[in-house]
Each structure stands twice: as structure tokens, then as C-alpha cells.
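Working notes, structure below.
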Amino acid sequence: MSLDSAMPEEQKPEGVQGAGPAPNEPKQPADEAVPAEAPVAAAPVAAAPKPAAPPRPAPKPAAPPPPPPDWTGDLPDALKEEFGEKVSEFIAYQGQPSFVAQMDAAYEVVETLRDIHGFDYLVDVTAVHWPKRDEAFDIIYVLYSFDRNERIRMKIRIRDGQKPTSVVEIYETANWLEREAFDMFGVEFEGHPDLRRILMPDEWTGHPLRKDYGILNMDNRWVQENLGIESGQ
Amino acid sequence: MAETYLDSTELVLNMGPQHPSTHGVLRVIVKLDGEKVLGTDCVIGYLHRGVEKIGENRTYTQFAPYVDRMDYVASVSNGLGYCLAVEKLLGVEATPRAQAVRVILTELNRIASHLVWLGTHALDIGAITPLFYCFREREDVLNIFEKYCGARLTTHAFRIGGLQYETYEGFEKECLDFCDLFLPKADEYEELLTGNRIWVDRLRGVGVLSIDDCKAYGVTGPMLRAAGEKWDLRKAQPYSGYEKYDFEIPTGDNGDNFDRYMVRMEEMRQSVRIVRQAVAGLPEGPIMAKVPKVIKPPVGEVYVSIEAPKGELGYYIVSDGSTQPYRVRVRPPSFVNLQALKKMARGCLVADLVAIIGTTDIVLGEVDR
């Protein structure tokens, strides 16, 4: 009942929305549930844009977030000393240490991290596509040290077509992880022993996790030839 | 053509994708000399659904149910990892009560996941009875899930910031009842298997992976612990209040199939301990932290991982400040652990390969995503 009484108020500014259910009532007089249900369904639709509109301008004038704190300690100092300009942006966003290495130094940095600093477990290798950036890909290495109980992230930025050095020789586990990054982003790793697709079919064209690869995109030719259907959709 | 003792020729054989012991659609290309495995290559991706791509095209809230579909026998753990990652991005923490309920459900799910593993693995080895015993006890866990959130497998039990539902009437008692019931049952499984001559012969000394191998291949979870490394993310980097609970990390010595079995058996008992403590200390209070209706984390990126039943399950989420994640990366334990198969299987027999795939405990939904 409260909803019914609220309806006229909501319909006043809309008009068009309210007119929709009204002509339906005389058409189906036998079913009394229909007019009761219709306003209920219409109410949230009409109400939805109203509360959504005011909060929108509110967060925008808010000050930009403060830059994340620097990552300080022995490890960043040691890395800076050894690699100088080639490592930078030591930050600890949400308490998670990370830094950026230049592509040509990445292999040596990872090797040093394992051999000297004890990061003996490569957790993950993945990529992020930033099509608007000149250096269109971030390659992210997540490393963990059992002795130090510390997890760090190393990031390298590469242009489309550049080939970072594979770290399979340092960590066996990078084999499949780099294959997946290649499969999903088309990033080729120099010196990878077996750089094939891993999740997508071998003959597939395109790299699905690139931002220019739409969610409905697919390799139509492959789908038609191998699945015998016109489209996967 | 390799010259061997019997002058036999090498044979390349496809195991799968439809093979009962691969627990899904895993295809292993095996190179054989007689019955000896010379090398393996895994062909995966049959269940690839593009979960990470879907994540980029859904809001943070909308994506939460999708993560349950990865490791579908441990969906609660998947959800926990995702919620923790988004909460980290937002800078919020679940309320104490929500954390405790999360721990209870996650540990129950760990037991359920290990039970599925134990039952199906025993079936692979030729012991049929344990499957029915395991699924009988697992049913009790699933009933608790069903009563709590209405779903049994893909539960979507948690929400970003806490829980959607308050626990039902009698939740604590049913959890404790299950704990009381389960411990003798675990002894019963062990009675059937641990001393069983066939079981021991099939598992002991097969599929050995040393600590160094595990680290090189990034293998985590019970497989790493079976090799002797006392490492569990619940202890190493506690989340969701695990530092409050008293439990042991079981380890093995040899890193073979048998140790993996023993580690998982003991882990289930430890999970019971955690559930009992969590139920006993279940705090009162709200179940939802202050989280905005529309989840819009600030620009940034986090990597958050949890100890899932199969190993380290990580979420790397990049936020561009909008309502949809810019990039969601799932670091699946099954995918990484499966890679070590080539190391474990080299030199073993075909029948042992089945046992090794079994104790690796993979779920193809998570391998392929």
C-alpha cells in the first residue's frame, strides 16, 4: 500500500513513464494483480535516475589522492646502488612494495633478487595493456622470498613489439606464465624455450586480453572451421 | 627411434582430454618407452572462458560470482581471495564477525575440497569405497553452505566488505556437530588407506618433488608442505584473522605422493581445530563494513593472495578509478602446480602418472579459467 501511495508522487515529474502502465489497466480488468504489480516494477525505474544524479558531482571536486609512500629499506637501497638509473619508482602502495625496472636490465635484476636477496619463488608473471600509452604494456613480476617472508613486484614497461628477456632460466615456473602472457597479450619473450599459445587454440589469431580486443571478438574463421558453427555467439 | 634394451620404439600417446583420471578436460601427451614415461606435455585450455576478460567488463560487485566458477570445489576460497583483494584496494577491512564467519566457511570448504580430492584420487588408484565415505561427509558441509547462502557449490558466500547474510539459527551448533562427526571419520579413511599395502605401494616414492624443485616450479600448498617446507600463507602472512587461531602446519619428508596424502589428511584435522576455535570465539556485531554502494576503488594496483586448498591463490587487480577493474589477474595454484607434472612424471610408469595427476590436485576450471 505504501508503494501505491508513493507512485503518484514519482509519476508527476516523469509523466511518460507513468502513462505506460495506465492504459494497460482497462485492457486486463480480469486480473487484479496486474495493476498492482505494474507500479511496483515501474517505481524503481522511475526512481533510479533521481538519487544517482546528485552524488555524481560530489566526489569529483575531491582532492587528488596523495602519492603512495616510498618503499624504503635495505633492498631498494641495494638495488639502487647496483642498478642505478635502471631501477626507479620504489613505492609501497597499500603496504605492497613495488618498483619499475628498465627492460634491458630486467633479467639481471631478477637474477640478483634471487641469488643475492633470496627471492627464490616467482609467484606470477603477467601483463597489463595500456593502449593509449607509448609504452603499451606493463609486464609484472611478483616475487616472494621464503627467508624474508616478503613479497615484491617488479614492473617493466615495453612498447608493442618489444621483446623482454625470458626469465625461464632463472625460474622454471616462468615457462607457462610467460606463455600465458604471450597468448593473452602477444608479448613475446626473448629466449623462451617453448613460446606457444597455452590457453587459446594454437591456430587462433588475436590476443584476447588486449584492450582493443572486444569482449565479443573472436577468430571467426577458426570457429567456423573447427566448431562447424557460424559463430560462437 | 631410440635403442633400448628390448629394442622397442618410442610411442607418443594422448591421454585425455576425455579420460576419467584427469578430473576434467586435461590432455597429456605422453612419450612412452614401453610403459615408462619419457616425457609429458600438457595441453590445456579446453575450459577457457576468459574469466579475466569478463572481469574487465563487469563491475567489481558483478564479477564476484564469476570467481566461484574457477576452482568450483573450493568456491568459498576463491570468493574470499577476491573480496580481500578488492577490500585492500578500497582500504577497508571486514568486521570481526564477518572475518570469523569467513574463516569458518573457508575451512569447511577446505575440508570439502580435500574430501573430493581424497575420494576421487582413491578411486583412480583403485579403492572405490573411500569415494562414498568422502562424499557422505562432504554432503554435511554442503548442507551447511546451502542453509547459509542457498547454494552448495558456487556459493558466492562473501561480499566485498563482509557478508551478505547473517548466520542462520543453529549455524554454530551444526558446524561443531560436523567437527565432532568428522574427526572419527577421518580416522576411518586412514584405516582404509594408510596401512593398505596397495595404497602405500602405489604412492610411496612416486612423483617426488624436492623443496628446491617446488620453489623452481612455483609449487605451493600441500605439495610444497609435503616436500618439507613449513610454509602456509595463513601463518606466513595472516589474513582474515588467521593469526588468532592455533593450528599446526603439517609437513612431509619426501615430497612424494604418499606425503601429499598424509599432509592433506592432517590439514583437514587442523581445519577442524580452526573451525572449533572460530565458532567458540565468534564475535557479535555487524557483518558488513562501511562500503560504498557503488564500489569505485582509487587508482592503484594490489596483489593479494590466500592459502587456497590447492596452494597460493592470488588476485592482481589494477584499478583506474572506475567502477570496473582495469585488469584482473588470477594467479591460480592449479595452473602453476600442474606445470611441475613434467618433472614428477619423468621416468615413472603410466599407471603412476595417473596417481601423480591425482595428488597434484588440479581443478581444470581453475587451470583454464
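What's the total number of residues in region B:15-31 that are open to solvent by 40 Å² or more (accessible area, probe 1.4 Å) and within 13 Å of chain A (Cβ to nearest Cβ)?
2
Kindly check whether there is at least one residue in region B:336-352 that is without any contact (Cβ under 8 Å) to a residue 60 or more places away in the chain, open to solvent by 10 Å² or more (accessible area, probe 1.4 Å) and either within 13 Å of another protein chain (Cβ to nearest Cβ) or over 30 Å from B:K31 (Cα atoms) (or both).
no
Look through region B:283-295, keep the residues that are farther than 28 Å from A:P69 by Cβ and surrounded by fewer than 18 Cβ atoms within 10 Å (Cβ to Cβ), and return whichever of them is nearest to the other protein chains (Cβ to nearest Cβ).
That would be B:K293.
Between a first residue in region A:86-102 that is more than 9 Å from chain B (Cβ to nearest Cβ) and a second residue that is assigned to a loop (DSSP other than H, G, I, E, B) and crowded, with 17+ Cβ neighbours inside 10 Å, which pairs have beta carbons less than 6 Å apart while being 6 or more apart in sequence or on different chains?
As it stands, the answer is A:F90/A:W71; A:I91/A:W71; A:A92/A:W71; A:P97/A:W71, since those pairs meet every condition given.
Does B:T359 count as open to solvent by 10 Å² or more (accessible area, probe 1.4 Å) and either basic (K, R) or out of contact with any Cys (no Cβ under 7 Å at 6 or more places or on another chain) (or both)?
no
Could you go through region A:52-72 and let me know if any residue there is within 30 Å of B:A216 (Cβ to Cβ) and modelled with pLDDT under 85.
The answer is yes, given that some residue of region A:52-72 is within 30 Å of B:A216 (Cβ to Cβ) and modelled with pLDDT under 85.
Would you say B:V86 is open to solvent by less than 10 Å² (accessible area, probe 1.4 Å), within 19 Å of B:G170 (Cα to Cα) and in contact with a helix residue (DSSP H, G or I) (Cβ under 9 Å, 6 or more places away or on another chain)?
No.
Need a quick list: strands (runs of 3 or more DSSP E) entirely within region A:112-229 having at least 1 residues that are within 13 Å of another protein chain (Cβ to nearest Cβ) and in contact (Cβ under 8 Å) with a residue 60 or more places away in the chain.
A:121-129, A:150-158
Enumerate the helices (runs of 4 or more DSSP H) found wholly within region B:32-130, keeping only those where 3 or more residues are out of contact with any Pro (no Cβ under 8 Å at 6 or more places or on another chain) and within 14 Å of chain A (Cβ to nearest Cβ).
It comes to B:51-56, B:75-90.
Name the residue that is farthest from the other protein chains (Cβ to nearest Cβ), counting only residues in region B:296-329 that are crowded, with 23+ Cβ neighbours inside 10 Å and not in a strand (DSSP E or B).
The selected residue is B:P309.
Among the residues that make up region B:180-198, is at least one of them at pLDDT 90 or above, over 20 Å from the mean Cα position of the chain (by Cα), under 28 Å from B:I104 (Cβ atoms) and among the aliphatic types (A, V, I, L, M)?
Yes; the residues of region B:180-198 include at least one that is at pLDDT 90 or above, over 20 Å from the mean Cα position of the chain (by Cα), under 28 Å from B:I104 (Cβ atoms) and among the aliphatic types (A, V, I, L, M).
Identify all residues within region B:234-260 that are surrounded by fewer than 20 Cβ atoms within 10 Å (Cβ to Cβ), assigned to a helix (DSSP H, G or I) and not aliphatic (A, V, I, L, M); write none if there are none.
B:K235, B:E243, B:K244
So, in region A:91-108, of the ones that are more than 11 Å from A:I152 (Cβ to Cβ) and open to solvent by less than 20 Å² (accessible area, probe 1.4 Å), which residue ends up farthest from the chain's Cα centre (by Cα)?
In this case the residue turns out to be A:A105.
Check region B:273-295 and report whether any residue there is under 30 Å from B:A355 (Cβ atoms), assigned to a helix (DSSP H, G or I) and charged (D, E, K, R).
Yes, the conditions are met somewhere in region B:273-295.
I'd like to check something: does region A:210-217 contain any residue that is out of contact with any Lys or Arg (no Cβ under 6 Å at 6 or more places or on another chain), surrounded by 14 or more Cβ atoms within 10 Å (Cβ to Cβ) and of a type in the set (A, V, I, L, M)?
The answer is no; no qualifying residue exists.
Open to solvent by 40 Å² or more (accessible area, probe 1.4 Å), touching a residue at least 24 places away in the same chain (Cβ under 8 Å) and farther than 14 Å from B:V272 by Cβ: is that true of B:K147 in this structure?
Yes.
Name the single residue that is most open to solvent (accessible area, probe 1.4 Å) among those in region B:185-233 being assigned to a helix (DSSP H, G or I), within 14 Å of another protein chain (Cβ to nearest Cβ) and of a type in the set (A, V, I, L, M, F, W, C).
Among residues in region B:185-233 that are assigned to a helix (DSSP H, G or I), within 14 Å of another protein chain (Cβ to nearest Cβ) and of a type in the set (A, V, I, L, M, F, W, C), the one most open to solvent (accessible area, probe 1.4 Å) is B:I211.
Collect the residues in region B:353-369 that are part of a loop (DSSP other than H, G, I, E, B) and within 9 Å of chain A (Cβ to nearest Cβ), keeping them in residue-number order. Quick ask: steps written out before the conclusion?
First pass over region B:353-369, keeping only residues part of a loop (DSSP other than H, G, I, E, B): B:361-363, B:369.
Result: B:R369, single match.
Counting just the residues of region B:95-114 that are open to solvent by 10 Å² or more (accessible area, probe 1.4 Å) and not β-branched (V, I, T), which one comes out nearest to the chain's Cα centre (by Cα)? Working first, answer last.
Let us first name the residues in region B:95-114 that are open to solvent by 10 Å² or more (accessible area, probe 1.4 Å), namely B:95-97, B:99.
Subset that is not β-branched (V, I, T): B:96-97, B:99.
Details: B:P96: 25, B:R97: 24, B:Q99: 20 Å.
Once the filter is applied, the top-ranked residue is B:Q99.
The values are calculated or read from the model by the stated rules, or taken from the named source; none is laboratory data. What you are looking at is a predicted structure, and each value in this text was computed from that prediction instead of being measured. For neighbour counting, all protein chains shown are included, and Cβ atoms are generated from backbone atoms with ideal geometry for every residue, glycine included. Accessible surface is based on the protein model in full, side chains and every heavy atom, while ligands, DNA and RNA are left aside. Shrake-Rupley method; radii C 1.70, N 1.55, O 1.52, S 1.80 Å.
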